Amino acid sequence: MNQRSGSGWTGARVFNGAMVFALCAFTLVGCSKSGLTGYWDLKVPNEDGTVRNTYFQLEQNGENLTGKLFGRSVDGTPLKGTVKDGAVHLETVPPERKPGAPPNEYQYRVTVYEGKINGDKIELNNVTRKINGTAERSTKEVALPPAPLPLPALRDLADNGLVRTPPMGWNSWNKFAGRVTADDVKGMADAIVANGMDKLGYVYVNIDDTWEEGRDAQGNITTNRKFPDMKALVDYVHSKGLKVGIYSSPGPKTCAQYEGSFGHEVQDAKTYASWGIDYLKYDLCGARVIYPSNEETHRGLYQKMGEALQASGRPVVFSLCQYGENDPWKWGTQVGGNLWRTTGDISDHWESMDKIGFSQIAISSYTKPGHWNDPDMLEIGNGGMTGDEYRTHMSLWSMLAAPLIAGNDLRSMSDETKSILMNKEVIAVDQDKAAKPVERLATEGKVETLWRPMADGSIIVGVYNRGEDAATSNVQFSKVPVLAGKRLKARDLWSHKDVTVGGDHYTAQVPKHGVVLLKVSAK
Ligand code: GLA
C-alpha cells in the first residue's frame, strides 16, 4: 500500500497530521474554538486500494459554514454550507458561467456534500458523485499544497523525431475514467488487431489517469492493484506490434488525485523507460495549485519532464496537457512536445465537440509534422452523439490534422462506429504528410465550409452543418485559388463515391450537425 495514500501532499507530513489528530482527541469541541472551523481531510477509498483525499478549510459562524476546497485541480474552490443538529451541508460555489459555455464543463459544476458529525469525525458524502467518506481533522500543512520546486532555465530541446503524422491510437479516459484495468488495456490491444485498426495507423494504446499507487521507500512510482505488473502489460501490448502510453502530472497529484511526478521527474522517466513506455500524457492538474499559470512557468514545468524523457534514452512521444493555457502551440515544440492539448476536456455531446472543433481553425497553422495541436480525444462510439455528429467529429479532427485517439470500447463497436473510426479515406486526410493548415472557404448561416490542401495536390473540402435543420449548400470550388479555372472531379469520402461537379459548383445536402467531405482535384 502506498505510504502516501491517505496522507497529505508529502509523506513527512503524515506525522504532523497524526500528532495534531492525537492532540485534538475525540471531541469536536475540544478540537476547535468554533465547531467545525479548521482543516479537514475527507478520505474516500478508491476501488483499487488507494485513497482519495479532499481537503476542506472550514469556518463556522453560528449555523453557517464558509470555506475552501483543496486537492483538486483548482486551488481553493470556494465552499458554502450549514451545520445544524449535527447535520452538515456543503457545496462548491462555481465561478459565474461564461456565455456559451457547454452545459457540463467541469469548472461550472456544483459539488454537494452532505454529512453527519460522528464524534470527532464527519461522515461526509459527496452527493453529486455518490461517494461516501469520512472527514477527519487535518492541519494546514497537510491540507495545503507544497511550496513550488525550482524550474529549469528555459532552452530549446531537440526534436525527438517521432510522430511525423498525427498520433493514432486509443486512450482509456473517455470511456473508463477511473475504472480502467490492465485487462481492459489488453482487451483494447487485442481488439485493435482483431478489427484491423492497427493497419490503419491506430498503434498507441494509452493508459490515462488512475494506474498509479504511490512511491516505494526509494521514491519509485508504484502501480495500484488494477495494474499489478506494468512491465508484463507493456510487453503484452508490444507483442501485438502496438505501442503503450502512460499518464502523469508535473504536480504532486493528478487530476483524479493519484500520484504525480512532482520532484520525481527524472526517476519517473527512467521507470517508464524500464517498463518500455512509448508515450507520456503529462497533465498539469496538480501543478496548478502550486505554480502560477503563465508561459514561463508552464514551459519550465514541461521542459523539466521533456529533458527527463530525453535523458531516459527511450524515444517517448511527449503529449502536453494543460488545456491550451498560455498558447502551448507557440512553445510546445521547444519543451520537446509532440502534441499539446488546445482546450479543456471534451465530453460526449454535440455542444462540447462543436465548440472545441470549430475553435481550432485559427490556430491550425501551428500544426507541423511531429508537433500537433490536440483538441482532445475522440468520443466516437460512446453513445452521446448521433452518427452524423460522430462523422462530423471524425471529419473535423481529420481536417485539423488532430491526433486520432479513440476513446470508446473497441471490443464492442457497432458497425456504424467501425465505419466512422475506420474510414480509410478520412484517415488519409488526417495523416496527410504535408500537414497544411485548414482554412475557411465560406460561412453561410450555420453552414461552415473548410478546405485543406493535400500533399498530392488535391483539396479536401468539408461542408459542415452546425445548424438544427438539414441544409443545402452550394459550394463554389473556384474560391480555392488552386482550383480556380480548372476542370474538376470530386469524391465523397463518406459515401465512398465519385460525385459529379457542375463547372466549379457542387450542391451539398448536409443533414443537421452533419458533414459532406469531398476530395477535389483537377481532371
Ligand atoms: C484531465 C485531462 C483528461 C484526463 C483526466 C484524468 O481532466 O484533461 O483528459 O486525462 O484529467 O484525470
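Scan segment 190-204 and tell me whether some residue there is in a strand (DSSP E or B) and under 17 Å from Ile246 (Cβ atoms). Let's see the steps before the verdict.
Residues of segment 190-204 in a strand (DSSP E or B): 204.
Next, from what is left, pick out any that are under 17 Å from Ile246 (Cβ atoms): 204.
Within segment 190-204, one or more residues are in a strand (DSSP E or B) and under 17 Å from Ile246 (Cβ atoms).
Could you tell me whether Trp170 is within 15 Å of the ligand (Cβ to nearest atom), closer than 30 Å to Ala434 by Cβ and touching a helix residue (DSSP H, G or I) at 6+ places or on another chain (Cβ under 9 Å)?
On the way: within 15 Å of the ligand (Cβ to nearest atom): yes; closer than 30 Å to Ala434 by Cβ: yes; touching a helix residue (DSSP H, G or I) at 6+ places or on another chain (Cβ under 9 Å): yes.
It is true that Trp170 is within 15 Å of the ligand (Cβ to nearest atom), closer than 30 Å to Ala434 by Cβ and touching a helix residue (DSSP H, G or I) at 6+ places or on another chain (Cβ under 9 Å).
Conditions: (1) within 25 Å of Lys199 (Cα to Cα); (2) buried (at least 17 other Cβ atoms within 10 Å of the Cβ); (3) of a type outside the set (Gly, Ala, Ser). Arg164 meets all but one. Number of the miss?
The single condition Arg164 does not satisfy is (2).
Restricting segment 423-465 to residues that are under 14 Å from Thr392 (Cα atoms) and of a type in the set (Ser, Thr, Tyr), which is surrounded by the most Cβ atoms within 10 Å (Cβ to Cβ)?
Tyr464
Test of understanding: among Ile420, Ile427, which residue is over 30 Å from Glu296 (Cβ atoms), in contact with a Leu (Cβ under 6 Å, 6 or more places away or on another chain), away from the ligand (no atom under 16 Å from the Cβ) and not hydroxyl-bearing (Ser, Thr, Tyr)?
Selected residue: Ile427, the only one of Ile420, Ile427 that is over 30 Å from Glu296 (Cβ atoms), in contact with a Leu (Cβ under 6 Å, 6 or more places away or on another chain), away from the ligand (no atom under 16 Å from the Cβ) and not hydroxyl-bearing (Ser, Thr, Tyr).
Only one residue in Phe227, Phe176 is assigned to a loop (DSSP other than H, G, I, E, B), within 16 Å of the ligand (Cβ to nearest atom) and aromatic (Phe, Trp, Tyr), so which one is that?
Of Phe227, Phe176, the one residue that is assigned to a loop (DSSP other than H, G, I, E, B), within 16 Å of the ligand (Cβ to nearest atom) and aromatic (Phe, Trp, Tyr) is Phe227.
Quick one: what pairs do we get from segment 308-337, first residue away from the ligand (no atom under 15 Å from the Cβ), second modelled with pLDDT under 95, C-beta under 9 Å, 6+ apart or different chains?
Asn326/Ser293
Search segment 179-215 for residues being within 21 Å of Pro375 (Cα to Cα) and of a type in the set (Val, Ile, Thr), and hand back the single one that is farthest from the ligand (Cβ to nearest atom).
Val203
Output the residue which, of all residues in segment 355-371 that are surrounded by fewer than 19 Cβ atoms within 10 Å (Cβ to Cβ) and β-branched (Val, Ile, Thr), is farthest from the ligand (Cβ to nearest atom).
By that ranking, first place goes to Ile361.
Could you say which residue among Tyr236, Tyr272 is assigned to a helix (DSSP H, G or I) and crowded, with 24+ Cβ neighbours inside 10 Å?
Tyr272
Which of (1) in contact with a His (Cβ under 7 Å, 6 or more places away or on another chain); (2) within 13 Å of Trp451 (Cβ to Cβ) does Asn474 not meet, given it meets every other one?
(2)
Kindly establish whether Lys281 is at pLDDT below 95, buried (at least 23 other Cβ atoms within 10 Å of the Cβ) and within 15 Å of the ligand (Cβ to nearest atom).
no
Sort through Asp348, Asp374 and tell me the only one that's within 15 Å of Pro166 (Cβ to Cβ) and within 16 Å of the ligand (Cβ to nearest atom).
Going through Asp348, Asp374 in turn, just one is within 15 Å of Pro166 (Cβ to Cβ) and within 16 Å of the ligand (Cβ to nearest atom): Asp374.
Just give me the residues in segment 239-269 being of a type outside the set (S, T, N, Q), within 16 Å of the ligand (Cβ to nearest atom) and outside any strand (DSSP E or B), in sequence order.
Listed by number, the residues that qualify are Pro250, Gly251, Pro252, Cys255, Ala256, Tyr258, Gly260, Phe262.
May I ask you to list the residues in segment 322-354 that are part of a helix (DSSP H, G or I) and either surrounded by fewer than 18 Cβ atoms within 10 Å (Cβ to Cβ) or polar (S, T, N, Q) (or both)? So that I can check it myself, show each step before the final result.
Taking segment 322-354 as the starting set, the residues that turn out to be part of a helix (DSSP H, G or I) are 328-331, 350-354.
Those that are part of a helix (DSSP H, G or I) and either surrounded by fewer than 18 Cβ atoms within 10 Å (Cβ to Cβ) or polar (S, T, N, Q) (or both): Lys330, Glu351, Ser352.
What number of residues within segment 416-427 are farther than 19 Å from Asp348 by Cα and part of a helix (DSSP H, G or I)?
Summing the residues that are farther than 19 Å from Asp348 by Cα and part of a helix (DSSP H, G or I) in segment 416-427 gives 4.
Would you pick out the residues in segment 62-100 that are small (Gly, Ala, Ser), outside any strand (DSSP E or B) and exposed (fewer than 15 other Cβ atoms within 10 Å of the Cβ)?
Listed by number, the residues that qualify are Gly62, Gly86, Gly100.
Considering only residues that are assigned to a loop (DSSP other than H, G, I, E, B) and under 30 Å from Ile346 (Cβ atoms), look in segment 127-147 and name the one that is farthest from the ligand (Cβ to nearest atom).
Here the residue is Val127.
With (1) within 15 Å of the ligand (Cβ to nearest atom); (2) in a loop (DSSP other than H, G, I, E, B); (3) of a type outside the set (A, V, I, L, M) as the list, and Gln218 as the residue in question, which single condition is left unmet?
All conditions pass for Gln218, except number (1).
The values are calculated or read from the model by the stated rules, or taken from the named source; none is laboratory data. These numbers come from a predicted model, not from an experiment. Every residue, glycine as well, gets a Cβ built from its backbone with ideal geometry; the counts of neighbours run over all protein chains shown.
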